[in-house]
Amino acid sequence: MALLSTQNISHAFGGPLLLDSVAIQIEKGDRVCLFGRNGEGKSTLLKILSKQLAPDSGTVDLASGSTLATLEQNVPGAHEATVFEVVTSSMGKVSDAIARYENMMKLITEDPSEANLEKFAKAQSAMDANDAWALQQRVSNILSRLDLDPNIQFDSLSGGWRRRAYLARALAMEPDVLLLDEPTNHLDIDAIRWLESYILGFNGALVFVTHDRVFLENIATRILEIDRGQVVEYPSSFEKYLEAKEVALDVEEKHNALFDKKLAKEEEWIRTGIKARRTRNEGRVRALKRLRKTRSQRRNRKLNVELKVQKTGRTGEIVFEVEGLTFAYGENKIVKDLDVRVVRGERIGLIGPNGVGKTTLLNLLLDGLKPDAGTVKHGTKLEVAYYDQLRSQLDLNLTLIETISPTSDHVVVGGEAMHVLSYFRNFLFDADQARGPVKVLSGGERNRLLLAKLFLLPSNVLVLDEPTNDLDMETLNVLEDFLHNYDGTVLMVSHDRAFLDNLATRSFVFMGDGEVELIEGGFTEAIAILDREAKSHGEKEIPVVEKPKQVEKPKPVEIEKKKLSYKDQRELDALPDLIEQLEKRQTELQLEMSKPEVYSDPELVKKLAEENEQVDEDLMEAFQRWEILG
């Protein structure tokens, strides 16, 4: 029995259906990744599953007696409470018992009077009665691993740390169904690895959205992609997903081309006159109307983001030369006696836990901060473009056009003038979005807008501070390709392990206490050093996540192609029946190719696509023969 299921969920926000008759089932033990481009409806579906949003039609069913917890993508609002109180606030009597116990602990420390000790004893009894000790320990462990101070006021936290507290809240509830929207955002690599280990030990069902390819690969048992309103299941392996998706898009492209060819032929036929028998012509005219309607309802897939950078002169061979660089905030040492030289064309990653000083080092290199000791020398002709993880360069009340080009309706891209709306189309924003305010955009759309703003600046040095947050994977792949081909120098802070491994030629690794090492490679090389360092200091290592082996689903039974022959019959009399049979087979093939399980077998998809193409050709030939002979 499914823990969570939907029946024919449809929803729209004034435009085309974001979700179109979606039916899914989530079983115990499932770890389902919702996949798709920004704006396709992943967060919307999670809100519908959690019943925070009512769909336009359809139903959501949570198994009787089951519990559900969620982490939203948006930053939580303010609470006049401590982090510990916020994390335990949704647990009824248990959280009340813990809150009273924690308060009495503080009180007797300040005033150990007999009256207070008596109240403390009652608080202990309430903890016993509600079996709250285990929950208190679980919450404390989760807060510790997420590096959260339980006693700090929630209101004093930044947006990223508030989301982290709400992640702790969802995990601590230990629900039957856990819904997580971008759970790795604002987590450093150690916290992400711990979260993976925690989830692999989770006994319920998980539905999550993520841009982190390694997290997806390690965690997911199923991938459900939302594409133009439809939900299709793919293999859980990201690499196998890419292969299957490529086959699916190729099948779609061929099918659309054949459909358009058939429609064009029928349009030509209707204009040149009806030569076939009258009874059949009326059916053919009705069929043409259906073809026209089907074509008008087709939802074409959006193109990929197009990234181009403004051209500028090259820097000198040496970009940054650092000698004896030292900086600290009070007793907190950020960097100590760093000597390094960065040369043109390098892609340097900055790797380390949150708060260790990665952004501070960037500011020291860019002269945004003055070092306590040492020097930073810049090479010649530096043109720096800076991507800010806090999006402080965006005014939420401005329109997208005002953000990009406030004084002109044209921008300069690659040395050539382009209309601003055309430029926005390169970043998948339509005209209505471009004229609307920034504040209505999703997190991923704001990141795309910031990239659009960034790449209008002439640069030969790109500084990227957490550029991957909220970006869909296709945009992320385009960004990676762009950075591979960028002929300048790149400095990048990221907790995306695949991003670092794919791009970094060298990395600054923050070892703690001001020690920063420059190593060859990216995440894989850096984490090996950090793990060895932790082991040498007797710290507990986070276990390496190994994805459990998946049980292969049985392959769909392949339907053998019917071999029809009309040579031994009177050709003209046989053609109507042949056309009906071909049209029926065409419908069967399209239904077969729309089944989610088909895409787990690329060979089967290819065979079905080839048969579908052959049926289309046979159908076109039959129409032509029928027109000639009629």
Could you tell me whether any residue of region 146-155 is in contact (Cβ under 8 Å) with a residue 24 or more places away in the chain, open to solvent by 40 Å² or more (accessible area, probe 1.4 Å) and of a type in the set (S, T, N, Q)? yes
List, please: which pairs have Cβ atoms under 6 Å, are six or more places apart or on different chains, and start with a residue in region 519-530 that is more than 15 Å from residue 214 (Cβ to Cβ) and end with one that is of a type in the set (Ser, Thr, Tyr)? 519/507
Exactly one of 233, 174, 225, 196 is under 15 Å from the mean Cα position of the chain (by Cα) and either within 24 Å of residue 27 (Cβ to Cβ) or in contact (Cβ under 8 Å) with a residue 24 or more places away in the chain (or both), and that residue is 225
When you look at residue 360, is it outside any strand (DSSP E or B) and more than 25 Å from residue 498 (Cβ to Cβ), yes or no? yes
Do you know which residues across region 370-390 are open to solvent by 60 Å² or more (accessible area, probe 1.4 Å), part of a loop (DSSP other than H, G, I, E, B) and at pLDDT 85 or above? 370, 372, 380, 381, 383
Residue 59 meets each of (1) without any contact (Cβ under 8 Å) to a residue 60 or more places away in the chain; (2) open to solvent by less than 60 Å² (accessible area, probe 1.4 Å) with one exception, condition (2)
Number of positions in region 63-90 that are of a type outside the set (Val, Ile, Thr), under 25 Å from the mean Cα position of the chain (by Cα) and open to solvent by 30 Å² or more (accessible area, probe 1.4 Å): 5
Report yes if some residue within region 35-51 is free of Cβ contacts under 8 Å to residues at least 60 places away in the same chain and open to solvent by 30 Å² or more (accessible area, probe 1.4 Å); otherwise report no. yes
Checked pairs for region 444-461, first touching a residue at least 60 places away in the same chain (Cβ under 8 Å) and at negative phi, second of a type in the set (Val, Ile, Thr) and assigned to a helix (DSSP H, G or I), C-beta under 8 Å and 6 or more apart or across chains, list as 444/475; 448/475; 453/403; 453/404; 456/404
Where residues in region 462-484 are on the phi < 0 side of the Ramachandran plot and in contact with a Gly (Cβ under 8 Å, 6 or more places away or on another chain), which of them is modelled with the highest pLDDT? 462
Pull up region 473-504, narrow it to residues that are of a type outside the set (S, T, N, Q) and assigned to a loop (DSSP other than H, G, I, E, B), then point me to the one that is nearest to the chain's Cα centre (by Cα). 496
Among the numbered conditions (1) closer than 25 Å to residue 489 by Cα; (2) among the basic types (Lys, Arg); (3) at pLDDT 90 or above, tell me where residue 308 comes up short. (3)
Every residue in region 83-129 that is among the β-branched types (Val, Ile, Thr) and in contact with a His (Cβ under 9 Å, 6 or more places away or on another chain), please. 86
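The values are calculated or read from the model by the stated rules, or taken from the named source; none is laboratory data. Model, not experiment: these values are computed from the prediction. A quick note on method: Cβ atoms are made from the backbone with ideal geometry, for glycine too, and the neighbour counts reach across all protein chains shown. Remember, those area values only see protein heavy atoms, side chains included, never the ligands or the DNA or RNA. Shrake-Rupley method; radii C 1.70, N 1.55, O 1.52, S 1.80 Å.
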